[in-house]
Structures are given as structure tokens and as C-alpha cells.
Amino acid sequence: MIESVDKRMPNVMFKGMAFMFRLRDFLEPRSKVLDEVEIKPGYHVLDYGCGPGGYIAETAERVGESGMIYALDIHPLALQSVAGIARREGLTNVETILSECKTGLPDGSLDLVLLYDIFHMLSDPQAILTELHRVLKAGGALSFHDPHMREDDIVAGVTGSHLFRLAQKGEYIYGFAPI
């Protein structure tokens, strides 16, 4: 589902960003971030704003064959990259979603949402937080990582929605629980 593709970055910029992310991931593996998040076998996880898929393989391994990863992005090249990772790694538990906001997932269907390095770019963060709150199970978690933002802006940006409360702060991530 495409809600508004005119807001996505040009392909050449996306390819440059993807290259920089691959370099970042080589120098500082994404497992360091994911180690701070409780991801259990069988979890259903949404990687919201998945970009080129730096968290996909590691997350898919952690949820196991009984779990599911939904990779959502506004950019078709992001989803092509994720599909390529899934194909190369033999991952059968990865599904892509092309959207700017709506996930198309049922209410209360997710254990965890990864909202990594994207919040500072969102045009309507309140709408996204509302959608993420809708799809999270009671007891689910929103894992937040955005090195472009200061801590007080992160906490205010998420808790100001009155949909989430800060539940954990790690070295890399902030964990929010739905209210």
C-alpha cells in the first residue's frame, strides 16, 4: 500500500544512505543495539522505517522460524533490499510493507516495534505513534533508537503522544510501553 510516495527521498540519495548504513553496520554491528531489546522466539516484530534492512537478518534469527518480521518503509528500494537479504539468508519469516504510515496489520498483533533512526525524519510522528500503539499487543514494546535526537526530545516526542510511557533506557535504545 502506498499512501504518499512523493515524500520519499530520490533513489540516488537512498543508495548513498544504504551504502553509509552498510559501512556503519560493519564498524558497529546492529546486534549491539538489538542486545538491549528483549526479542524472544515466536515474536512478531515490525521494523518501522526499515531502510535497507540493517536489522532484518539479526532480528529474524532472534524470533526464529515461529516468529515474523514485518519490514515497513516508504521507499521501494528499501523493500527490494530487505527482500534481497531475506532471499540470500533463506529467511521465510520476513514480509515487506510499502507505506508511509498505516501498517495494514491487525490490532494488537505485534510484540515489538523497532523505530530506529527514523523519528527525526517523520512528517507526522503523532499519526505513526497512533498506528504503532494500535498494532502493539498489551505488554508489547516500542524500541526507539535515533542518534540524531537528544534524550529529552526523544522522551517528549514519544511520551507526549500520551500513548506510551518510558519503560527502559539503555546505552543505545529507549524502551516505551503502550499505555
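The values are calculated or read from the model by the stated rules, or taken from the named source; none is laboratory data. In this text, all values refer to a predicted model and were calculated from it rather than measured experimentally. Because the Cβ atoms are built from the backbone with ideal geometry, glycine has one as well, and the counts that use them run over all protein chains shown.
General observations
- Scanning the stretch 85-113 for residues that are surrounded by fewer than 16 Cβ atoms within 10 Å (Cβ to Cβ) and among the hydroxyl-bearing types (Ser, Thr, Tyr) returns a single hit, Thr92.
- All positions within the stretch 120-130 that are touching a Phe, Trp or Tyr at 6+ places or on another chain (Cβ under 8 Å) and touching a residue at least 60 places away in the same chain (Cβ under 8 Å): Ile128
- Subset of the stretch 69-78 [crowded, with 20+ Cβ neighbours inside 10 Å and among the hydrophobic types (A, V, I, L, M, F, W, C)]: Ile69, Ala71, Leu72, Ile74, Ala78
- Checking every residue in the stretch 13-25 against the condition of being modelled with pLDDT under 95 and assigned to a loop (DSSP other than H, G, I, E, B) gives zero matches.
- Taking (1) part of a strand (DSSP E or B); (2) over 13 Å from the mean Cα position of the chain (by Cα) in turn, Gly104 satisfies each apart from (1).
- Qualifying residue in the stretch 76-91 (condition: part of a helix (DSSP H, G or I) and in contact with a His (Cβ under 8 Å, 6 or more places away or on another chain)): no
- Scanning the stretch 27-61 for residues being in a helix (DSSP H, G or I), more than 17 Å from Asp117 (Cα to Cα) and among the aliphatic types (A, V, I, L, M) gives a total of 2.
- Residue within the stretch 107-115 that is over 16 Å from the mean Cα position of the chain (by Cα) and not aromatic (Phe, Trp, Tyr) present: yes
- Hits in the stretch 131-141 - residues which are in contact (Cβ under 8 Å) with a residue 40 or more places away in the chain, part of a strand (DSSP E or B) and surrounded by 15 or more Cβ atoms within 10 Å (Cβ to Cβ): Leu136, Ala141
- Subset of the stretch 92-101 that is assigned to a loop (DSSP other than H, G, I, E, B) and free of Cβ contacts under 8 Å to residues at least 60 places away in the same chain - its residue that is nearest to Val63 (Cα to Cα): Asn93
- Note on the stretch 142-152: residues that are over 18 Å from Leu46 (Cα atoms) and surrounded by 14 or more Cβ atoms within 10 Å (Cβ to Cβ) total 1.
- When Val155 is tested against the conditions (1) out of contact with any helix residue (DSSP H, G or I) (no Cβ under 6 Å at 6 or more places or on another chain); (2) under 18 Å from Gly49 (Cβ atoms); (3) β-branched (Val, Ile, Thr); (4) assigned to a helix (DSSP H, G or I), the lone failure is (2).
- Taken over the stretch 113-137, the residue count meeting the criterion of being out of contact with any Pro (no Cβ under 7 Å at 6 or more places or on another chain) and farther than 20 Å from Gly54 by Cβ is 11.
- Selection within the stretch 158-179 - at negative phi, touching a residue at least 12 places away in the same chain (Cβ under 8 Å) and part of a loop (DSSP other than H, G, I, E, B): Ser161, Leu163, Gly170, Glu171, Tyr172, Ile173, Ile179
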